[in-house]
Amino acid sequence: MAKKNYTPNPDGRSAEDRALDKFAELMIEKITNLQSDWKKPWFSPQAAQLPRNLNGRQYNGMNSIILMLQQEKNGWKTARYATFDRITGLNYGQDKQGNRQPLTDENGEKLPMVTINKGEKSTPVMLTTFTVVNAETKERIKYDDYRQMSDEERAKYHVYPKLQVFNVFNLDQTNLRETRPEMYEKFLKESSGESQRSDKDMESFPPIDAMIDKDLWVCPIKPVHGDDAYYSPSKDVIVVPEKQQFIDGESFYSNLLHEMSHSTGSESRLNRLKPGQSFGSSEYAREELVAELTAALVSSQYGMTKHVKSDSAAYLKGWLSKLQEDPAFIKTTLMDVKRSASFIGQRIDAVKVRLDRDGVDADFADIREQNKQYAPTFGNTKAEGTAQAHQEEKPQQSEERPKEEQDLTAARGVDPPRFHR
């Protein structure tokens, strides 16, 4: 893990508060642009590449959104990010004794130094770290070791999560292209391949097709010939128009992902949907933003472009007002997006792995059974689900209702119990 930035802050505000301000600023700018043209995608194909660190690890849902917004805004061509220390570390290797030495070329000459370009500013990301302590001995162990333990062994330990802020730079903010051209070209080709994939309309996506046909989602998905796409909390069912009614398969899947996000919020799952969350209320508007961003994030993960829903466009003004009034609103929203996107992505990946291994005639009985448990973490033990709950402690949601959200014209004539499209 890279070292935390401890730069003194003259205004006395925490690194987390400053990060939230930055997150809100980026989201306000994006929603403002969508207000002028809501037919634009949430993330352009050039930016719809899941950000990774230099080791290849993907950033989580919340950080992915922020970094993709930054990439789109600044026109960065790569989707790789690193801290100042990690970038500086590209200039050094280790000798046989483990001592740090400057890297040299084949002639023994020092390689040019990789540096951050003058005037470039970092982007904050939030990462949760965990301290695991034995309740009796007070001995600390690694969180990865804790995750491998049985339920009985884990009961002996306490897990303490801590949210930390790290500052990262995109590789296009450095001179890597000049100093390490082969490395830069590798990451550039990686991003270009993702952009080309995102530019192509997706005719079929077998994992979601299988989830529909073989009842592999947490609630039934019913394609019907009609105009409505919605999730009904009372019936716990998703209704969506048939795929052939959409302009392309990509539009069908991105619409369905929006409704799948709503279904993750039921009381028996991630518990976002509350009684009395009527259409047009601030709580309903917030849930629409969670579903929109979840669908955009998951779509990007699988090479699809997600456009703003026509119904969701009515909420743009309310979302903008809320962000301007309360920047902390973005934290609770993005944390819920992170959970929802992870919930969906884990189940899609489980189906994909089974399809790749056994084909369309695979036995999915165990996946159906796990879906009944509604655990946030899919494919793991009950204890791992508990650890995930520690990792993603759910913040309180605001109960305020901006006037703009009360006045939405889209609220007319819509069945309140449904999350209606």
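The values are calculated or read from the model by the stated rules, or taken from the named source; none is laboratory data. The structure presented is a predicted model; accordingly, all values stated were derived computationally and were not measured. Glycine gets a Cβ as well: all are built from the backbone with ideal geometry, and neighbour counts include every protein chain shown.
Among the listed residues Met126, Met149, which satisfies the condition of being outside any strand (DSSP E or B) and surrounded by 11 or more Cβ atoms within 10 Å (Cβ to Cβ)?
Met149
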Identify, by number, the condition in (1) touching a Gly at 6+ places or on another chain (Cβ under 9 Å); (2) within 26 Å of Glu109 (Cα to Cα) that Gly61 doesn't meet.
(2)
Pick from region 233-259, criterion over 24 Å from the mean Cα position of the chain (by Cα) and polar (S, T, N, Q), ranking: nearest to Val337 (Cα to Cα):
Ser234
Need the failing condition index for Thr7 against (1) more than 18 Å from Leu293 (Cα to Cα); (2) modelled with pLDDT under 90; (3) surrounded by 19 or more Cβ atoms within 10 Å (Cβ to Cβ), just the number.
(3)
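So that you can scan it fast, the table gives a plain yes or no per residue for (1) in the same structural domain as Ile87 (by TED's automatic domain parsing); (2) of a type in the set (D, E, K, R); (3) modelled with pLDDT of 95 or more; (4) not in a loop (DSSP other than H, G, I, E, B):
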site: His158; (1), (2), (3), (4): no, no, yes, yes
site: Gln164; (1), (2), (3), (4): no, no, no, yes
site: Leu188; (1), (2), (3), (4): yes, no, no, yes
site: Ser192; (1), (2), (3), (4): yes, no, no, yes
site: Ser195; (1), (2), (3), (4): yes, no, no, yes
site: Ile212; (1), (2), (3), (4): no, no, yes, yes
Filter region 17-64 for residues that are small (Gly, Ala, Ser) and either in contact with a Cys (Cβ under 8 Å, 6 or more places away or on another chain) or over 15 Å from Gly303 (Cβ atoms) (or both) and give the result.
Ala19, Ala24, Ser36, Gly56, Gly61
Mind checking whether some residue in region 258-265 is under 24 Å from Ser300 (Cα atoms), small (Gly, Ala, Ser), surrounded by 19 or more Cβ atoms within 10 Å (Cβ to Cβ) and out of contact with any Cys (no Cβ under 7 Å at 6 or more places or on another chain)?
yes
Suppose the filter is assigned by TED's automatic domain parsing to the domain that holds Ser191 and modelled with pLDDT of 90 or more; does Asn60 pass it?
no
Output for region 220-241, where each listed residue is surrounded by fewer than 21 Cβ atoms within 10 Å (Cβ to Cβ) and assigned to a loop (DSSP other than H, G, I, E, B):
Pro220, His225, Gly226, Asp227, Asp228, Pro233, Ser234, Lys235, Asp236
What pairs come up if the first residue lies in region 297-324 and is within 17 Å of Ala229 (Cα to Cα), the second is surrounded by 19 or more Cβ atoms within 10 Å (Cβ to Cβ) and among the aromatic types (Phe, Trp, Tyr), and their beta carbons are under 6 Å apart, counting only those six or more places apart or on different chains?
Lys306/Trp42
With the requirement that a residue be acidic (Asp, Glu) and farther than 20 Å from Lys322 by Cα, what does region 246-299 give you?
Asp248, Glu250, Glu259, Glu267
Hey, any hits in region 131-138 for a residue that's closer than 16 Å to Phe166 by Cα, surrounded by fewer than 21 Cβ atoms within 10 Å (Cβ to Cβ) and of a type outside the set (S, T, N, Q)?
no
Give the residues of region 145-189 that are over 23 Å from Glu16 (Cβ atoms) and of a type in the set (Lys, Arg), sorted by residue number.
Arg147, Arg154, Lys156, Arg177, Arg180, Lys186, Lys189
